[in-house]
Every structure is written in C-alpha cells, then in structure tokens.
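All remarks here apply to the structure that follows.
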Amino acid sequence: MRPVVTQEKIKNPLLESNLDRLARYGFRQANVAETDTAATDWARLKGDFARADEAAVPEFDQLPPAVQEAALHYIALKREADTLLSTCETAHGEILNQGLSVPRVEDYAVVRDAYEDKVEEFGAARAAVAGLLDQSPAA
C-alpha cells in the first residue's frame, strides 16, 4: 500500500531548521531538479569514505570501473532515501496539521518503514564502496 500524500507545503519547523545540516551530508530535497551528475553527487558524498591507506578518495571519473558501478548504486540509494525522507516528512506534517487519524498514522508508518529500510540498504552500499576503495590502488 502506497501512502497518499498531498504536495502542499506542510510546516514542520523542526525539520526545516535542520535541512541545512542534512545538506552538509548530501541530503537533497525531493523537489530539487535532477540536474546533478554522478560526479557532483560523488563530490558531495565522497567525504563518507576514508581509505585505509590514508590516500585521498578519487573524483568519480578517476575511480576504477568496479568502484564507479558501486558508487552509482550508492548514489542512487541516497537519492531514493532523500525522496523517502521528504515523503515521510509530508506524511508527518499532515498528522501535525490535520490531526491524528488511523489512515494518516498508517500512511506515515508505511513510508517511515520504507525510509528506514532504504537507510539500511544505503549503509550496506556504503560499506561495499568502502571495501572496494580499500582494495583499489591509490590514485
């Protein structure tokens, strides 16, 4: 069951006050145009990685093909998690603005569970990229 959420702007001061903090870690709001390339997303996210040999993490176009492929999966999961977080916050905002109801809480729970699952998947992809980076020669 996919939750039905409206596209109206829901006020959530707690989230809004923390969006710039999330952006420091690569968060993008779902309504941002998909103009970023893998290279620009990687530039934002490569700070998640520290190599065992302490070498700098290469730019996307300098990654070996296997690492690029894993990085693309990692980036895609991050984008999906960002979209789910935005959807989750819309559902949460509807509860705040329209009051508690069983359908609203169920919709929120469904999307929240999907977001949490995606974060777990993103974490596993991060570990996979880190492992491949450690196996690849320093640039």
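The values are calculated or read from the model by the stated rules, or taken from the named source; none is laboratory data. These numbers were taken from a predicted model, which means no experiment stands behind them. Because the Cβ atoms are built from the backbone with ideal geometry, glycine has one as well, and the counts that use them run over all protein chains shown. What goes into the accessible areas is simple: the full protein's heavy atoms, side chains included, and nothing from ligands, DNA or RNA. Shrake-Rupley method; radii C 1.70, N 1.55, O 1.52, S 1.80 Å.
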- Members of the range 105-120 that are over 14 Å from the mean Cα position of the chain (by Cα) and surrounded by fewer than 20 Cβ atoms within 10 Å (Cβ to Cβ): 105, 106, 109, 110, 113
- Examine the range 51-60 for a residue that is of a type outside the set (Asp, Glu), in a helix (DSSP H, G or I), open to solvent by 10 Å² or more (accessible area, probe 1.4 Å) and in contact with a Gly (Cβ under 9 Å, 6 or more places away or on another chain), and state whether such a residue exists. no
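Please pick out the residue among 45, 77 that is within 22 Å of residue 16 (Cα to Cα) and under 12 Å from the mean Cα position of the chain (by Cα).
On the way: 77 fails: within 22 Å of residue 16 (Cα to Cα).
Of 45, 77, the one residue that is within 22 Å of residue 16 (Cα to Cα) and under 12 Å from the mean Cα position of the chain (by Cα) is 45.
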- Pair list, Cβ < 8 Å and 6+ apart or interchain, from the range 86-106 residues that are touching a residue at least 12 places away in the same chain (Cβ under 8 Å) and β-branched (Val, Ile, Thr) to residues that are outside any helix (DSSP H, G or I) and open to solvent by 40 Å² or more (accessible area, probe 1.4 Å): 87/30; 90/6; 90/7
- Message: So residue 75 passes all but one of these: (1) at pLDDT below 80; (2) open to solvent by less than 70 Å² (accessible area, probe 1.4 Å); (3) under 24 Å from residue 131 (Cβ atoms). Which condition number does it fail?
- Response: (1)
